[in-house]
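Enquirer: Take this structure, written in structure tokens, and hold onto it; I'll ask about it next.
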Amino acid sequence: MAVTNFDEYRDVYVVADTIDDVVHPVTYELIGQARRIAKELGQLVQVMLLGENVQTEAEELVAHGADIVHVFESPLLKYYTTDGYTKVLTDFFEDHKPNILLIGATNNGRDLAPRMSGRMQNGVVADCTILTVDTEEGLVEWTRPALGGNILAEIISPNHRPQMGSVRPNVFKKPERIADSWGRIQLEQFDLKPEDIRTKRLDFIPFSKSGYNIQEADIIVAGGRGMGSKENFDKLYELADAIGGVVGATRPLVEKGWIELPYQVGQTGKTVSPKLYLAFGISGAIQHVSGISGADTIVAINNDPKAEIFQHANYGIVGDCMEVLNDMLAHLK
């Protein structure tokens, strides 16, 4: 909401993202950024943890840098619901006034953030990839891709509190575990009834049967339009199997139906941070590159020596994708 006195708004809050009472890795990434921002502002890091049996997870959040973890436990919070999470969190924030509020840009976070923003009458900056802070003004500068990823927009919220944004997974590194962490866990009382939740989870059917989460992969073998055909693209699975990796792709290949949406890498897909990213026939458009900036090592294979992907790669091979791929497979065998 628009406010003139910011003195009562303090601390950096993180909303933990959980799946079946297990904290999503993006929460730890957010704690790392919250820790950095809070240190610059001389404030605390507080984490909101909702679920049914999450106290063990709360201990890990403290161990990774949370000063206070507020635990909200109830069978009604076992699974994420828009109504349940919004009510519990916004009720809490009526009495506790956060300066900054961070939410992971996961499926749940992208649903929750705008609902909370509307309820609290403040703005939310979505899908941020860079966070900086002006210590004099106490303002977070939220940076996010805009106009199809062709520019980066820098946004501030000088007249509203909390300053609120959602942050893409795998953009920031997970902080190290703190051996002598001193944070505390606080079990909260709250008012939530079954009738407050208008939806029920009846069943869960995975979107894909392939069984892997590309955002957790250490090695990704990705293909772009330069692969030429689905038959050529499918050969990437052989290489991925041989080196213990998984297959990803650019948006055009998903649109062609060569691979399912959960394995699209880039601005409109998944942001990934593998140890090794092999880019076969990928031109290097900014919409794709924005999704692989967290990779430790990028190896690009493209027959165009002027392809933009080489500007972002640690190693580059100028050559025909299929010739290079077949050579790699022959060598591995």
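Enquirer: Enumerate the lysines that Lys174 could reach by cross-link, defined here as Cα to Cα under 27 Å, with residues fewer than 8 away along the same chain left out.
Expert: The reachable lysines, counting only those whose Cα sits under 27 Å from Lys174, are Lys39, Lys78, Lys97, Lys270, Lys275.
Enquirer: Counting only the backbone N, which residues of the stretch 49-89 are under 19 Å from the spot 7 Å out from the Cα of Asp20 toward its beta-carbon?
Expert: 50-58, 74-81
Enquirer: So what does Ile219 come to for accessible area, using a 1.4 Å probe and Å² rounded to 10?
Expert: Estimated to the nearest 10 Å², Ile219 gives 40 Å².
Enquirer: Grab the Cα-Cα distance for Thr132 and Ile151, subtract it from 0.36 nm times how many residues apart they are, and report the gain in nm with one decimal.
Expert: Using 0.36 nm per residue and subtracting the Cα-Cα distance, I get 5.1 nm.
Enquirer: Also, quick follow-up: In what sequence, largest accessible area first, do Thr81, Thr56, Thr297 appear using a 1.4 Å probe?
Expert: The residues order as Thr56, Thr297, Thr81, largest area first.
Enquirer: Within the chain, which whole H helices from DSSP have a Cα span along their axis of at least 27 Å and a mean Kyte-Doolittle hydropathy of 0.0 or more, if any? Don't skip to the end; give the middle numbers.
Expert: Values: long enough: none.
Span-like helices, by this rule, are absent here.
Enquirer: Let me ask something additional. How many Å² of accessible area per residue for the stretch 289-333, probe 1.4 Å?
Expert: 58
Enquirer: Still on this structure, I have one more. At a probe size of 1.4 Å, how large is the accessible area of Ser181, to the nearest 10 Å²?
Expert: 40
Enquirer: Something else now. Quick one: accessible area per residue over the stretch 181-269, 1.4 Å probe, rounded to a whole number of Å²?
Expert: 63
Enquirer: Moving to a separate point now. Could you report the accessible area of Asp304 in Å², rounded to 10, computed with a 1.4 Å probe on the protein chains as they sit in the structure?
Expert: About 70 Å², rounded to the nearest 10.
Enquirer: Between Glu40 and Asp234, 0.36 nm times their residue separation minus their Cα-Cα distance comes to what?
Expert: Full extension from Glu40 to Asp234 adds 65.0 nm.
Enquirer: From the Cα gyration tensor of the stretch 214-331, with a ≥ b ≥ c the square roots of its eigenvalues, which class applies: rounded if a/c is under 1.5, or else prolate if a/b is larger than b/c, or else oblate?
Expert: rounded
Enquirer: Taking just the alpha-carbon atoms of the chain, what radius of gyration and Dmax come out, in angstrom?
Expert: 21.6, 68
Enquirer: How large, in percent, is the carbon and sulfur part of the accessible surface of the chain at a probe radius of 1.4 Å?
Expert: 49
Enquirer: Okay, moving on. Between Arg225 and Lys275, what length comes free when the chain is fully extended (0.36 nm per residue of separation minus the Cα-Cα distance, one decimal in nm)?
Expert: 15.7 nm
Enquirer: Hey, rough spin-label estimate for Asp304 and Lys333, points 7 angstrom out along Cα→Cβ, what's it come to in nanometres?
Expert: The answer from the label model is 3.1 nm.
Enquirer: Right, something else. Quick one: dipole size for the chain, taken about the Cα centre, charges +1 on Lys/Arg Cβ and -1 on Asp/Glu Cβ, in debye to the nearest 20.
Expert: That gives a dipole near 660 debye.
The values are calculated or read from the model by the stated rules, or taken from the named source; none is laboratory data. Bear in mind that the values here come from a model prediction, so they are computed numbers and not experimental data. Cβ sites come from the backbone with ideal geometry, for glycine too, and all protein chains shown count toward neighbours. Only protein heavy atoms, including side chains, enter the accessible area calculation; ligands, DNA and RNA are left aside. Shrake-Rupley method; radii C 1.70, N 1.55, O 1.52, S 1.80 Å.
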